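The values are calculated or read from the model by the stated rules, or taken from the named source; none is laboratory data. As the structure is a prediction and not an experimental result, all values here were calculated from the model. Reconstructed Cβ throughout: ideal geometry from the backbone, glycine too, with neighbour counts over all protein chains shown.
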Amino acid sequence: MKNKSKYLAYPYVIWMAIFIVIPLVLVLYYSFTSGNIHDPGSLKFSVESYGKFFDSLYLNIIIKSFWLAFLSTVLCLLFGYPVAFIISRAKMKHRGLLLLFFLVPIWMNFLLRTYAWMAILSPNGFLNRVLEMIGLPTLAIMPGQKAVVLGMVYNFLPFMVLPIYTVLAKIDKNVLEAAMDLGANGLITFVRVILPQTIPGIVSGVTMVFMPAVSTFVISRLLGGGKELLIGNLIEQQFTVHRDWHFGSALSIILMVMILISMAVMSKVDAGNEQGGAALW
Amino acid sequence: MLRRNIIELRNLTKSYNDTVVVDAINLLIRENEFITLLGPSGCGKTTTLRMIGGFEDPNDGDIFFEGTRINNVPPYKRNINTVFQKYALFTHMNVYENIAFGLRIKKVPNDEMKKRVQRMLKLVDLEGFEKRHVDSLSGGQQQRVAIARALVNEPKVLLLDEPLGALDLKLRKEMQIELMDMQKNVGITFIYVTHDQEEALTMSDTVVVMNNGVIQQVGSPVDIYNEPENRFVADFIGESNILEGIMHEDFLVSFSGRKFRCVDKGFSKDEPVDVVIRPEDIDVTSPEDADLQGVVSSVVFKGVHYEMLVESGDFEYMIQSTDMQPVGAGIGLKFGPEDIHVMKRGSDNEK
Ligand SMILES: Nc1ncnc2c1ncn2[C@@H]1O[C@H](COP(=O)(O)OP(=O)(O)OP(=O)(O)O)[C@@H](O)[C@H]1O
Ligand SMILES: [Mg+2]
């Protein structure tokens with residue numbers, strides 16, 4: 001019995017080795033070497049690519065990437081939490097429908113959705129046409145950071161709503177009644193009972209929005225009009241335009257480490273809540 | 001001692017999708033009373049309690065608290081606390097914080113809060129558990145936290161919905177005594193829900209027997225047991241033999257093909273009635289000097305006594321006796337006039 005289950009794990013181990021470990025090792029290898037990619041003999045150890053990164057140009061890009069991703073995450077949280085809350089409060093039979101409403105866009109192609117926003121937001125797009133028609137001044141949202149953030153929020157909002165909804169739906173109605181019974185009005189119940197119990201959902205929502213937002217290159221390219229270069233675009237360009245795989249790899253590793261650090265911080269928040277969270281209040 | 005009314009239910013009615021689950025009940029609850037709602041599962045006990053607590057809006061009728069109508073007062077403004085049927089503890093807090101929750105909201109100063117929580121922990125025998133996570137407690141310990149969390153607020157009325165349901169027999173007995181002590185010591189009104197008739201009879205000052213959302217009888221445990229007002233109460237409280245009979249005149253009833261002297265009166269002539277005889281009130285004798293004769297059809301050992309089924313005529317009597325008779329034995333059944341309880345046949349005689 002025990003042996004059998006061991007064999008069952010092999011496909012996954014092999015899958016992980018081929019698609020996760022080997023590529024990671026390769027990226028790591030390229031990031032710490034320099035020379036001609038197509039001539040393996042010429043590659044030698046070097047931290048040159050990492051050194052390159054400490055250029056104000058690149059540093060600014062990474063700061064901007066994190067800033068926009070942070071902004072989008074906060075906006076997703078601000079919109080997503082109430083949405084998840086309302087859905088979790090809805091009648092059982094309506095919940096599925098409401099949730100579907102928020103999830104259907106995910107089933108559409110990501111590029112398509114983003115192109116749709118281009119059609120809406122571009123200077124001669126749908127939005128400005130409508131504004132013109134009703135005699136209002138047109139807006140210059142796209143290309144620009146506002147459009148990029150909007151694109152991120154739109155695309156990643158479901159990843160915030162879903163995990164928060166899941167924890168909210170699990171909260172026992174009796175527990176909320178108990179809070180009321182003990183003298184807590186709606187606001188106090190929310191702050192002291194609901195919010196602390198949904199922190200795990202918030203943490204996974206934030207992680208699931210922040211990670212793709214900080215590394216996206218499609219949204220920034222399409223809605224930023226090429227002006228709003230993010231770290232994702234930078235990495236992409238190293239592989240497609242500049243053919244500098246070493247620098248591209250180094251940038252990928254840097255991004256990965258930074259994401260890992262942010263995740264570690266987030267999980268600290270989560271763990272802190274598990275243990276002595278009540279003392280906070 | 002004359003005690004003031006603290007809660008009054010008037011015509012209180014609740015229905016879900018046209019099904020009436022609490023049907024126009026009227027009830028007076030006095031200060032410091034230990035009152036128990038007793039009835040089979042689904043009879044509307046929890047629903048009644050939830051209306052008093054403010055978690056359910058009645059469809060009709062009124063709830064008065066110290067003379068003021070409180071139908072529209074939200075739960076957090078009622079001077080009532082609840083021990084919920086499913087504990088409903090705050091799983092993100094430890095034991096101390098759970099119990100302190102209500103006091104924190106009332107902004108009770110820290111050192112007083114500490115004192116009161118400690119006193120509660122002592123009362124429910126959970127000293128040293130302050131820092132424990134409530135998920136790590138046993139069912140019985142959780143239940144005691146729930147009791148402490150409600151009681152620490154010193155409400156005027158405490159609602160308890162089957163608070164001992166999750167405990168084993170021994171712990172349940174202990175907690176019953178502790179709860180009764182607490183109620184006497186702290187001096188608050190307990191409205192207690194249970195479907196365990198023994199628990200109700202042991203603990204309460206007053207028992208309210210409910211069935212299908214209707215109050216069947218309100219009375220002291222002794223009254224309820226000895227003077228059941230109808231067949232349902234007789235059947236639900238304790239074991240009983242319920243026979244159909246005819247009340248010929250005052251103090252004379254006939255059943256099982258015989259006439260018996262009894263202590264009941266006030267029925268019309270030859271009125272059909274229900275007759276209740278408790279199994280422990282029937283004595284086993286030799287067939288010759290008995291009122292009724294029968295044959296033992298089964299014997300079960302119950303610890304304190306034997307429970308025997310005895311066929312007599314077309315009725316099977318249940319008898320509880322320490323005097324064991326073998327299956328097949330012909331015996332006599334004997335009972336006195338005061339053991340015969342005659343009841344009107346009500347409309348709710350579905351059983
Ligand atoms: N929210 C609700 N919607 C529909 N029906 C309900 C609802 N709550 C309770 N009921 C019904 O009302 C009736 C009474 O329920 P209640 O919970 O008061 O019973 P109870 O006497 O407390 O039973 P138990 O001893 O099993 O706890 C039951 O038939 C139940 O199915
Ligand atoms: Mg109940």
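A few notes on this one:
- Of everything in region A:54-75 that is under 15 Å from A:L234 (Cβ atoms) and among the polar types (S, T, N, Q), the residue that is surrounded by the fewest Cβ atoms within 10 Å (Cβ to Cβ) is A:S56.
- For region B:205-214, the criterion of being in a helix (DSSP H, G or I), more than 15 Å from B:A88 (Cα to Cα) and β-branched (V, I, T) is met by no residue.
- Of all residue pairs spaced 6 or more apart or on separate chains, those with beta-carbon atoms under 8 Å, a first member in region B:148-173 that is on the phi > 0 side of the Ramachandran plot and a second member that is away from ligand 2 (no atom under 16 Å from the Cβ) and part of a loop (DSSP other than H, G, I, E, B) are B:E154/B:I188.
- Residue count for region B:231-253 satisfying the condition of being at pLDDT below 90 and more than 24 Å from B:E307 (Cα to Cα): 0.
- Taking the listed residues B:I282, B:I277, the one that is touching a residue at least 60 places away in the same chain (Cβ under 8 Å) and either buried (at least 19 other Cβ atoms within 10 Å of the Cβ) or at negative phi (or both) is B:I277, with no other qualifying.
- Test: residue in region B:139-159 that is in contact with a helix residue (DSSP H, G or I) (Cβ under 6 Å, 6 or more places away or on another chain), assigned by TED's automatic domain parsing to the domain that holds B:R30 and within 16 Å of ligand 1 (Cβ to nearest atom): yes
- Candidates are the residues of region B:124-165 that are in a helix (DSSP H, G or I) and among the basic types (K, R); the one that is nearest to the other protein chains (Cβ to nearest Cβ) is B:R149.
- Just one of (1) more than 16 Å from A:F156 (Cβ to Cβ); (2) touching a residue at least 60 places away in the same chain (Cβ under 8 Å); (3) crowded, with 16+ Cβ neighbours inside 10 Å fails for A:S122. It is (2).
- Any chance A:I141 is surrounded by 17 or more Cβ atoms within 10 Å (Cβ to Cβ), free of Cβ contacts under 8 Å to residues at least 40 places away in the same chain and among the β-branched types (V, I, T): yes
- Selected residue (criterion: farthest from the other protein chains (Cβ to nearest Cβ)) from residues of region B:172-204 that are away from ligand 2 (no atom under 16 Å from the Cβ) and assigned to a loop (DSSP other than H, G, I, E, B): B:S204
- Tally of residues being closer than 30 Å to B:R78 by Cβ and touching a residue at least 40 places away in the same chain (Cβ under 8 Å) across region A:157-170: 2
- Scope region B:10-21; condition part of a strand (DSSP E or B) and either within 14 Å of ligand 1 (Cβ to nearest atom) or charged (D, E, K, R) (or both); matching residues: B:R10, B:L12, B:T13, B:K14, B:S15, B:Y16, B:T19, B:V20, B:V21
- Count - residues of region A:163-191 that are in a helix (DSSP H, G or I), of a type in the set (A, V, I, L, M, F, W, C) and facing chain B (nearest Cβ under 7 Å): 4
- Lone qualifier among B:K86, B:K14, B:K77 - being charged (D, E, K, R), more than 16 Å from ligand 2 (Cβ to nearest atom) and assigned by TED's automatic domain parsing to the domain that holds B:A200: B:K77
- Taking the numbered list (1) within 14 Å of ligand 1 (Cβ to nearest atom); (2) surrounded by 18 or more Cβ atoms within 10 Å (Cβ to Cβ); (3) hydrophobic (A, V, I, L, M, F, W, C) in turn, B:F65 passes all entries but (1).
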